[in-house]
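Have a look at the structure below before the remarks.
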Amino acid sequence: MWNIKYLKETRSTQDDALNFLAEAVNPKPHIFYSFNQLSGYGRGGKRWLLGELTLASTFLVPEQSHRKSLVLNQSISVCLIVLELLERYLNKPRYYFSLKWPNDLLKNGIKFGGILINRVTVKNETWLVVGLGLNLFWGRENTAFYAVGVFDSLNAAKKFNSSNFLIQLGEKFLEKPPASEQKDNAKEFNRRDFYHLKNVTLLNEKNKQISGTNLGIDRFGSIIIKVSGGKKIHIPNGSFINK
């Protein structure tokens, strides 16, 4: 089902995927991946910082596939699918990895990966462009940005079968989800949320700062913040400050 393309070097796997869509006559689901991405980016165009060994990948998923919710709830589905498969793949216990709203992947509360999803229409066909960045081994010192890797050693990271993992992940993206997926995903995300029920400060989509207790997400993927006075605010888009 999946066509997978390894790139020895690339500016961005997202750009490669978009260029492929624009040029292909009859595009099929594809995975583009590289360990040498020169100019990757995340939400809001923020630059993706590389560890010593980083896996950058982008999936082209036809929107007519079952998982339209990959976009509807702001990467929530993808985050959960990635962590559940990664835990099984590495023989780790459930909830070994955690999350930070809306799209950061954490180990011991520290970021090791992230998700970026866009929807594009080319030649009257709509595709989900699902970007996944994983720092397999961080190994960086004296940097302003503190992160970790999936693995604690470079040797272990090099043994990771990235192509096989990505293909299995692609198959998960195409599986038909249960009717209760959005409701179940909210519960599962909240259980994995490292900052659930903690005091946090966020910037919403209007760049307004909001502080309060993180009550988790609703079934649409919006985070719920209980502010001073007890009012609950649902924030559909935004980001944490200094987390």
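Read through the list (1) within 18 Å of Met1 (Cα to Cα); (2) touching a helix residue (DSSP H, G or I) at 6+ places or on another chain (Cβ under 8 Å); (3) surrounded by fewer than 21 Cβ atoms within 10 Å (Cβ to Cβ), then give the number of the only condition that Asn164 fails.
So Asn164 meets the others, but not (2).
Please verify whether Ile223 is in contact with a Phe, Trp or Tyr (Cβ under 6 Å, 6 or more places away or on another chain), at pLDDT 95 or above and surrounded by 14 or more Cβ atoms within 10 Å (Cβ to Cβ), treating the condition exactly as stated. Quick ask: steps written out before the conclusion?
Details: in contact with a Phe, Trp or Tyr (Cβ under 6 Å, 6 or more places away or on another chain): yes; at pLDDT 95 or above: yes; surrounded by 14 or more Cβ atoms within 10 Å (Cβ to Cβ): yes.
Taking the combined requirement at face value, the residue satisfies it.
For the range 90-148, how many residues are among the acidic types (Asp, Glu), part of a strand (DSSP E or B) and either touching a residue at least 40 places away in the same chain (Cβ under 8 Å) or exposed (fewer than 13 other Cβ atoms within 10 Å of the Cβ) (or both)? Walk me through it before giving the result.
We begin by selecting, within the range 90-148, every residue among the acidic types (Asp, Glu); these are 104, 125, 141.
Narrowing the set further to residues that are part of a strand (DSSP E or B) leaves 104, 125.
From what's left, either touching a residue at least 40 places away in the same chain (Cβ under 8 Å) or exposed (fewer than 13 other Cβ atoms within 10 Å of the Cβ) (or both): 125.
Adding up the residues that qualify gives 1.
If you go through the range 196-243 one residue at a time, how many are under 17 Å from the mean Cα position of the chain (by Cα) and either among the hydroxyl-bearing types (Ser, Thr, Tyr) or outside any loop (DSSP other than H, G, I, E, B) (or both)? Before you say what the answer is, go through the steps one by one.
Narrowing the range 196-243 to residues under 17 Å from the mean Cα position of the chain (by Cα): 217, 220-223, 236-240, 243.
With either among the hydroxyl-bearing types (Ser, Thr, Tyr) or outside any loop (DSSP other than H, G, I, E, B) (or both) added as a condition, the list becomes 217, 222-223, 238-240.
Qualifying residue count for the region: 6.
The values are calculated or read from the model by the stated rules, or taken from the named source; none is laboratory data. Predicted, not measured: the structure shown is a model, and the values here were computed from it. Heads up, the Cβs are rebuilt from the backbone with ideal geometry, glycines too, and the neighbour counts pull from every protein chain shown.
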